[in-house]
Amino acid sequence: MRLSTIAFRNLARNKKRTVLSISTIVLACILGIFMLALVTGMKTDMKRNILAYYTGAIQIRHRDYGKYDYLNPVHLYVENEKEVRRELLKIEGVSQALGRTTAGGKIYIDDTPLDDEPGEEYIAVGMGINIDEEKNILDPGSLLIGGRLPLKGRRETIIGYKLAEKTGLGPGDKFSFMTATASRGVNAMTLEITGIVDFPMGSMNNTHFILPFDVMQDLMQMKGGAQEIIIMTEDPETAEIQLANIDKILSADSSLNYLDTALWKDQGDFYGMMGIAEITYNFMIIFFLLMGATVIINTTMMVIYERYREIGILGAMGMPPNDLVRLFFLESLFAGIISAVIGVSLGVIIILAAEKTGLDFSSAMGSMDMEVSNIIYPDLKAYHVILMTIYTIIISAMVTLIPCRKAATIEPVEAIRST
C-alpha cells in the first residue's frame, strides 16, 4: 500500500486529535488572511483619501510654505492660479489641475448681537474648492447627508455633521468665520449653511466645512490666487513622469520658479508606514501559524509514542527509517492542506462579507488626525489567497520534521518489546 494512502487513513484513526490540530491551524489561517486583506484595504483607503482630500497626485505650493507651515503662512500662495493651471493641463497624462485654499480660524455664533455678551466660538477649518470641478476628485455631492451644495459666488457652505452637532447649526442657519488673510491681516465673513456632510475621516467632521473657491478667495483676500494647486494624473502610481515634466516647466519660467512640487506618496504621514506594516503583518502571520503548528508537533509526538510498537513492527518488516519519516510528514502535509482549504475558504467568506459592510473604527479614529476613514473595507487580493495557502501548508508540514526524526531513530526490537 502506498505511503500516501496509509498517511491519509491514519488521520482518521483519532478524529478528535486530528480535528483539534486542523482547527488550530484553520483559526490562524483565517486570522492571517483577514489581516492581509485589512492592511491592503487600509492602504487603498489612505491612497484614495490622500488623492482626494490632501494633495492630489501632485501638489504644487509656494516653495517656502512647508518651511513655515506651523505658522499658517497663508501669504505664501500660488499667484495667477488660472494661468498656472492652464499651462499644467498641457502636460501629457495630466487629467485635472484645480486650485484649493484651506484655512483655519474660528466660527462665531451670536444669537443676540445687540447685547454686550459675546457669542460662542469654535475652532474650525474652511476648505475652498471648485464645487463643480471637484466631482471626480473630492466629490462633495457624495458626502451630503442633508441639504444641498453651495453655489458658486454665493456665501454658502456645507459643514461636517459633528461640527453641526457641536455648534447646534443646520441648513438655513448662519455663522461668521474669522481667519488670517494673504495680506497678513484678519478678515471675517458670514456664511449660510446649505447642507450637512459626512467626511470619511472623523477628525474632519469635527472641524471642517466647505465653501466655493471664489468665495474663499474673497475671504482670504487672495484674488486670483490659491493656497495650492492639486494635479490629478491618469495613473497616480506613475505620477513621477508628470512630476518631472512639471518641474521642468516651473524651473524654466522665471515667474513660476517660486513654486515647489510634491508627490502624493511622500505626503501621507501614515501611508509610507503601511508598506512596513505589510511586512510586519507577514511576520506576525508566520508567527501565529508557527504557534498553531506547535499543536501539530505535540500531536505528532503523541502519535509516535502511541504507535511505538506499530513503528517497531513496520521497521522489523523492512520499512526504512526514511519511509517512517515520510509517513508522518505526509500525515501532517495532508492536515496542512485540509487546514489551508478550510481556513482560506472561511477567511474569504468573512472578508467578502466585510467588504460589503465595512468595519466601523469611528470610535477609535473619530478624533485622530489621520488619512484613514472611519469605515475600513478589507480588500481581498488573489495573492492573499495564494500566500496564505502556501504559508499554511508549508509551515504545517515542515514543523513535523522535528518529531519525525524521533520515529526514524526507534529501534524495531525495542519498540516491539515495549508495552
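Name the strands (runs of 3 or more DSSP E) wholly within segment 24-130 that hold at least 3 residues that are in the same structural domain as Phe283 (by TED's automatic domain parsing)?
It comes to none.
Only one of Lys82, Lys15, Lys106, Lys67 is within 30 Å of Ile230 (Cα to Cα), without any contact (Cβ under 8 Å) to a residue 12 or more places away in the chain and of a type outside the set (Asp, Glu); which?
Among Lys82, Lys15, Lys106, Lys67, only Lys67 is within 30 Å of Ile230 (Cα to Cα), without any contact (Cβ under 8 Å) to a residue 12 or more places away in the chain and of a type outside the set (Asp, Glu).
Looking at Thr181, Thr167, Thr233, which is the one that is more than 21 Å from Gly128 (Cα to Cα) and surrounded by 14 or more Cβ atoms within 10 Å (Cβ to Cβ)?
Exactly one of Thr181, Thr167, Thr233 is more than 21 Å from Gly128 (Cα to Cα) and surrounded by 14 or more Cβ atoms within 10 Å (Cβ to Cβ), namely Thr233.
Hey, among the residues in segment 209-229 that are surrounded by 22 or more Cβ atoms within 10 Å (Cβ to Cβ) and not hydrophobic (A, V, I, L, M, F, W, C), which one's nearest to Arg86 (Cα to Cα)?
Glu228
For segment 133-173, give me the residue count where each residue is within 20 Å of Ile50 (Cα to Cα) and among the charged types (D, E, K, R).
Qualifying residue count for the region: 4.
Within segment 238-266, count every residue that is assigned to a helix (DSSP H, G or I), of a type in the set (A, V, I, L, M, F, W, C), out of contact with any strand residue (DSSP E or B) (no Cβ under 6 Å at 6 or more places or on another chain) and touching a residue at least 60 places away in the same chain (Cβ under 8 Å).
3
Find the residue count for segment 196-237, including only residues that are farther than 24 Å from His75 by Cβ and either in contact (Cβ under 8 Å) with a residue 24 or more places away in the chain or hydrophobic (A, V, I, L, M, F, W, C) (or both).
Residues that pass the stated criteria total 16.
Going by the structure shown, is Leu149 on the phi < 0 side of the Ramachandran plot and in contact with a Pro (Cβ under 7 Å, 6 or more places away or on another chain)?
For Leu149, the condition - on the phi < 0 side of the Ramachandran plot and in contact with a Pro (Cβ under 7 Å, 6 or more places away or on another chain) - is met.
In segment 203-228, which residues are touching an Asp or Glu at 6+ places or on another chain (Cβ under 6 Å) and not in a loop (DSSP other than H, G, I, E, B)?
Correct list: Ser203, Ala226.
Does Asn298 satisfy the criteria of being closer than 20 Å to Thr392 by Cα, modelled with pLDDT under 75 and out of contact with any Ser or Thr (no Cβ under 8 Å at 6 or more places or on another chain)?
Answer is yes for this residue.
Evaluate segment 51-64: report whether one residue or more is of a type in the set (D, E, K, R) and farther than 19 Å from Ile246 by Cα.
No: zero hits.
Run Val26 past the list (1) under 24 Å from the mean Cα position of the chain (by Cα); (2) at pLDDT 85 or above and report the number of the one that doesn't hold.
Against the list (1) under 24 Å from the mean Cα position of the chain (by Cα); (2) at pLDDT 85 or above, Val26 comes up short only on (1).
Take the residues in segment 203-235 that are of a type in the set (A, V, I, L, M) and touching a Phe, Trp or Tyr at 6+ places or on another chain (Cβ under 7 Å), then tell me which one is nearest to Lys90 (Cα to Cα).
Filtering segment 203-235 for residues that are of a type in the set (A, V, I, L, M) and touching a Phe, Trp or Tyr at 6+ places or on another chain (Cβ under 7 Å), the one nearest to Lys90 (Cα to Cα) comes out as Ala226.
I'd like to check something: does segment 382-394 contain any residue that is modelled with pLDDT under 80 and part of a helix (DSSP H, G or I)?
No, segment 382-394 contains no residue that is modelled with pLDDT under 80 and part of a helix (DSSP H, G or I).
Restricting attention to segment 116-158, and to residues there that are under 19 Å from Ser176 (Cα atoms) and loosely packed, with under 13 Cβ neighbours inside 10 Å, which single residue is nearest to the chain's Cα centre (by Cα)?
Residue satisfying both the conditions and the ranking: Ile123.
If I ask for residues that are buried (at least 18 other Cβ atoms within 10 Å of the Cβ) and at pLDDT 90 or above, which ones from segment 341-374 would you list?
The answer is Gly343, Val344, Gly347, Val348, Ile351, Ala354.
The values are calculated or read from the model by the stated rules, or taken from the named source; none is laboratory data. Being a predicted model, the structure only gives us computed values, none of them experimental. All Cβ positions, even for glycine, are placed from backbone atoms using ideal geometry, and neighbour counts span all protein chains on display.
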